[in-house]
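Working notes for the structure below.
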Amino acid sequence: MSLTNNGAARVAIVGAGIGGSALAALMQGLGYTVTVYEQAERFMRVGAGIHLSPNLMRVMRRLDLHRQVLVSGQEPAGFLNRDAYDGDMLYALELGEAAHRQFGAPFVALRRGDLHAALMSAVAPNTVQWGKRLAGLDWRGETIELSFEDGTRAHADIVIGADGLRSRVRSALCGFEQPTFSGQVAFRGSYQRALLGGLRVDDLTKWWGDETFVLSYWLDHARQDFYFAAMMPQSEWPTEASSMPGDLDEMRARFADFHPDVRHMLARAPQGSVTKWALFERPARFEFGNSRVLLIGDACHPMRPFMSQGAAMALEDVATLIRALMGAGDFGSAFATFAATRAERLGEVHRVSSANTFMRGPTQPEWVFGYDALTAHPSARLPALHTPRAMAMAA
Ligand SMILES: Cc1cc2nc3c(=O)[nH]c(=O)nc-3n(C[C@H](O)[C@H](O)[C@H](O)COP(=O)(O)OP(=O)(O)OC[C@H]3O[C@@H](n4cnc5c(N)ncnc54)[C@H](O)[C@@H]3O)c2cc1C
């Protein structure tokens, strides 16, 4: 389908998560008519923490949302990697101002709900149809019919699957295949600073155990809301649900050989504040879609969260797709350029995430944090996606 008149194409985005909301906002900026179909009845401000690495923050800056997340979140002074048992420093990466200098953008930690709220604020009103859980797709000549579990239907020329780990768009394209349980689970919890007692906690630390680790950081600008994620192997996951209430005794017993500071952080977590999550993945054989339907984010490439790069990859996808749309004559060639541009980068990040080695020792992190999805891969002849300020200056 031709890209000569952006407004004429009916674009359906399935999923108003991190990738879907960012894509909707940027496509609307290019004049596209976009409808987002989201299964949730309303936006929920989920409290778990997330890192916004500089490669992700570049896309936030293009969306003009970087100040919003800097106000609610915090810029850690550094990313400390310590031995889990004796606390020895394995690798310390200076962040704060140094991240701006070294990677060209800040490194931010905040509540996931605050990131999502910022992204949703960039989407035009009435773009999202809530309570629309996609059941399937049917090809009716030139039109794609979307059917929803509430019995309703909608029609589009182009469908972007941004519907996450258990993507129905992916199932419609490739057949149903469950993501696999990675054999890893994570206890995730947050609580107020006062509960830490007198313990001094650095901004961002990963405590590396043998097959386990604990990541801890602050979720807010004032450093009052403390967050941790404690990962460990587990042979089976007994339920369909992705999470269950965390058993504090089990968590504390499993990390009982960790450094006293970590034991203290886990010991202070109040009853009911911890959830246990199963980590799922798919192999790095990426299914991007075809000339009318495209997968982005976790729908395309879910990975273990050991590099904290899943949302970053979703936003890099979005920036690359927008550039491909700007540079192509039709959706089919834009989608092909997108897939060709993303495959290598995603493969490398997926591989290193699975290995869980990133920053365990002396590391050159530029290839991850310094990546600029707004300009990368000039060989694919993608136009640069400049920042709003640069675009205003060029006009
Ligand atoms: C423990 C953990 C920690 C993480 N930490 C980080 C981190 O620090 N930094 C980072 O960059 N990444 C992190 N990630 C990864 C990150 O959360 C995901 O990769 C990211 O959310 C993917 O974005 P997405 O838009 O593809 O999917 P999502 O944000 O999951 O959005 C998918 C959307 O689709 C909707 N949906 C699903 N099915 C349907 C349907 N059938 N019909 C309609 N709507 C549907 C969902 O309700 C949801 O709104 C972490 C992940 C985990 C598990």
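Does Leu199 fit the bill of being hydrophobic (A, V, I, L, M, F, W, C) and within 26 Å of the chain's Cα centre (by Cα)? Break it down stepwise before answering.
Details: hydrophobic (A, V, I, L, M, F, W, C): yes; within 26 Å of the chain's Cα centre (by Cα): no.
For Leu199, the condition - hydrophobic (A, V, I, L, M, F, W, C) and within 26 Å of the chain's Cα centre (by Cα) - is not met.
What number of residues within segment 155-182 satisfy the criterion of being of a type outside the set (A, V, I, L, M) and within 11 Å of the ligand (Cβ to nearest atom)?
Of segment 155-182, the ones of a type outside the set (A, V, I, L, M) are 155, 157, 161, 163-164, 166-168, 170-171, 174-182.
Still in the running and within 11 Å of the ligand (Cβ to nearest atom): 161, 163-164, 166-168, 170-171, 182.
Residues flagged as of a type outside the set (A, V, I, L, M) and within 11 Å of the ligand (Cβ to nearest atom) within segment 155-182 amount to 9.
Does Glu145 satisfy the condition of being open to solvent by 10 Å² or more (accessible area, probe 1.4 Å), away from the ligand (no atom under 11 Å from the Cβ), acidic (Asp, Glu) and not in a strand (DSSP E or B)?
Values: open to solvent by 10 Å² or more (accessible area, probe 1.4 Å): yes; away from the ligand (no atom under 11 Å from the Cβ): yes; acidic (Asp, Glu): yes; not in a strand (DSSP E or B): no.
No: the conditions fail for Glu145.
Quick one: Ile296 ticks every box in (1) farther than 25 Å from Leu204 by Cβ; (2) more than 16 Å from the chain's Cα centre (by Cα); (3) in contact (Cβ under 8 Å) with a residue 24 or more places away in the chain except a single one, so which number is it?
Here Ile296 meets the rest and fails (2).
Do any helices (runs of 4 or more DSSP H) lying entirely in segment 284-379 carry at least 3 residues that are open to solvent by less than 10 Å² (accessible area, probe 1.4 Å) and aliphatic (A, V, I, L, M), and which ones are they?
Details: elements: 310-327, 331-355, 366-369.
Qualifying helices (runs of 4 or more DSSP H): 310-327, 331-355.
Residues of segment 133-142 being within 15 Å of the ligand (Cβ to nearest atom) and either open to solvent by less than 40 Å² (accessible area, probe 1.4 Å) or out of contact with any Asp or Glu (no Cβ under 6 Å at 6 or more places or on another chain) (or both), which ones?
Leu134, Gly136, Leu137
So for segment 319-342 (the condition being touching a residue at least 12 places away in the same chain (Cβ under 8 Å) and within 12 Å of the ligand (Cβ to nearest atom)), does at least one residue qualify?
No: segment 319-342 contains no residue that is touching a residue at least 12 places away in the same chain (Cβ under 8 Å) and within 12 Å of the ligand (Cβ to nearest atom).
Do any residues in segment 17-46 that are touching a residue at least 60 places away in the same chain (Cβ under 8 Å) have Cβ atoms under 7 Å from those of residues that are assigned to a helix (DSSP H, G or I) and basic (Lys, Arg), where the two are at least six apart or on different chains, and which pairs are they?
Close Cβ pairs satisfying both conditions: Val46/Arg112.
Just checking, how many residues over segment 208-243 are in contact with a Ser or Thr (Cβ under 7 Å, 6 or more places away or on another chain) and part of a strand (DSSP E or B)? Please lay out each step first, then the result.
So the first thing to find is which residues in segment 208-243 are in contact with a Ser or Thr (Cβ under 7 Å, 6 or more places away or on another chain), and the list is 216, 219-221, 225-228, 231-232, 243.
Remaining after also requiring part of a strand (DSSP E or B): 216, 225-228, 231-232, 243.
Of the residues in segment 208-243, 8 are in contact with a Ser or Thr (Cβ under 7 Å, 6 or more places away or on another chain) and part of a strand (DSSP E or B).
Being within 23 Å of Pro302 (Cα to Cα) and β-branched (Val, Ile, Thr) is true for just one of Thr180, Thr143, Thr127, Thr152. Which residue is that?
Exactly one residue qualifies, and that residue is Thr180.
Counting only residues that are in contact with a strand residue (DSSP E or B) (Cβ under 7 Å, 6 or more places away or on another chain) and more than 11 Å from the ligand (Cβ to nearest atom), which one in segment 25-59 is most open to solvent (accessible area, probe 1.4 Å)?
Just the residues of segment 25-59 that are in contact with a strand residue (DSSP E or B) (Cβ under 7 Å, 6 or more places away or on another chain), to begin with: 27-28, 32-38, 47-52, 57.
Within this subset, residues satisfying the condition of being more than 11 Å from the ligand (Cβ to nearest atom) are 27-28, 32-35, 47.
Values: Met27: 2, Gln28: 48, Tyr32: 13, Thr33: 73, Val34: 15, Thr35: 39, Gly47: 38 Å².
Among them, the one singled out is Thr33.
Only one of these conditions is not met by Trp130: (1) out of contact with any Lys or Arg (no Cβ under 7 Å at 6 or more places or on another chain); (2) open to solvent by 30 Å² or more (accessible area, probe 1.4 Å). Which number is it?
In the conditions (1) out of contact with any Lys or Arg (no Cβ under 7 Å at 6 or more places or on another chain); (2) open to solvent by 30 Å² or more (accessible area, probe 1.4 Å), Trp130 misses (1) alone.
Is it the case that segment 62-78 has a residue that's open to solvent by 30 Å² or more (accessible area, probe 1.4 Å) and within 13 Å of the ligand (Cβ to nearest atom)?
No, because not a single residue in segment 62-78 is open to solvent by 30 Å² or more (accessible area, probe 1.4 Å) and within 13 Å of the ligand (Cβ to nearest atom).
Across segment 244-260, what is the total count of residues that are part of a helix (DSSP H, G or I) and either open to solvent by 50 Å² or more (accessible area, probe 1.4 Å) or within 16 Å of the ligand (Cβ to nearest atom) (or both)? Break it down into steps so the answer makes sense when it comes.
In the first step, residues of segment 244-260 are kept if they are part of a helix (DSSP H, G or I); the result is 248-254, 260.
Next, only the ones that are either open to solvent by 50 Å² or more (accessible area, probe 1.4 Å) or within 16 Å of the ligand (Cβ to nearest atom) (or both) stay: 249-254, 260.
Residues flagged as part of a helix (DSSP H, G or I) and either open to solvent by 50 Å² or more (accessible area, probe 1.4 Å) or within 16 Å of the ligand (Cβ to nearest atom) (or both) within segment 244-260 amount to 7.
Condition first: free of Cβ contacts under 8 Å to residues at least 40 places away in the same chain and either surrounded by 15 or more Cβ atoms within 10 Å (Cβ to Cβ) or among the small types (Gly, Ala, Ser) (or both). Now tell me which residues in segment 177-214 satisfy that.
Within segment 177-214, Arg193, Ala194, Gly198 qualify.
The values are calculated or read from the model by the stated rules, or taken from the named source; none is laboratory data. Just so we're clear, the structure is a prediction, and the values are computed from it rather than from any experiment. Note that we place each Cβ from the backbone using ideal geometry, even for glycine, and neighbour counts take in every protein chain shown. When the accessible area is computed, the model is the full protein with side chains, heavy atoms only, and any ligands, DNA or RNA have been set aside. Shrake-Rupley method; radii C 1.70, N 1.55, O 1.52, S 1.80 Å.
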